[in-house]
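The structure appears below as structure tokens.
The values are calculated or read from the model by the stated rules, or taken from the named source; none is laboratory data. Please read these numbers as outputs of a predicted model, since none were measured by experiment. Glycine gets a Cβ as well: all are built from the backbone with ideal geometry, and neighbour counts include every protein chain shown.
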Amino acid sequence: MKCSLYDYVIKEIKTMAKIKVYQAKEENMEAVKNIIDVEEQNPTAENLQNLYACVLDTEDMALPESYIEEDILIDSIEVMVNASQSKIRDLGAYDVIEVQNKGKKTQILLLADEEYEIIEG
């Protein structure tokens with residue numbers, strides 16, 4: 001059975017999601033490192049509001065099924081952030097990616113050496 005491109009795209013698109021990317025403000029980098037590295041805590045909503053800047057904020061966008069893989073999602077968002085005029089620096093350690101869909105919020109805390117931690121909201 002032949003599948004049209006439209007059918008393929010509709011099948012591939014699983015969900016609509018809003019994506020936000022937060023980067024620690026330069027003047028707050030030591031405080032952020034302390035929270036994550038020393039206290040071994042994840043950034044709270046208050047931390048994101050006070051210590052970070054939102055450098056990418058999308059409207060609802062279609063996410064293909066392949067974006068369920070965190071590595072693929074991170075790579076795709078990295079391209080968007082690195083091309084953005086509002087970025088503080090290239091996407092990297094201590095940055096937070098927030099994905100919100102169907103009322104569920106998931107955050108990805110980027111760590112050193114291309115490691116990351118998933119924070120369920």
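Meeting the requirement of 1 or more residues that are more than 26 Å from Val38 (Cβ to Cβ), the strands (runs of 3 or more DSSP E) wholly within the stretch 58-121 are 61-64, 96-101, 104-110.
Every condition in (1) closer than 26 Å to Ala31 by Cβ; (2) acidic (Asp, Glu); (3) modelled with pLDDT of 90 or more is met by Asp113 except one, and the failing one is (3). When the stretch 86-121 is examined, which residues are found to be surrounded by 18 or more Cβ atoms within 10 Å (Cβ to Cβ), in contact (Cβ under 8 Å) with a residue 60 or more places away in the chain and under 17 Å from Ile19 (Cβ atoms)? Scanning the stretch 86-121 gives Leu91, Asp95, Val96, Ile97, Glu98, Val99, Gln107, Leu109. Can you find, within the stretch 64-121, the residue that is farthest from the chain's Cα centre (by Cα) among those that are of a type in the set (S, T, N, Q) and farther than 15 Å from Cys54 by Cα? Applying the filter and picking the extreme gives Ser66. Consider Val32 carefully, then state whether it is at pLDDT 95 or above, hydrophobic (A, V, I, L, M, F, W, C), part of a strand (DSSP E or B) and surrounded by 14 or more Cβ atoms within 10 Å (Cβ to Cβ). Criteria not met by Val32.
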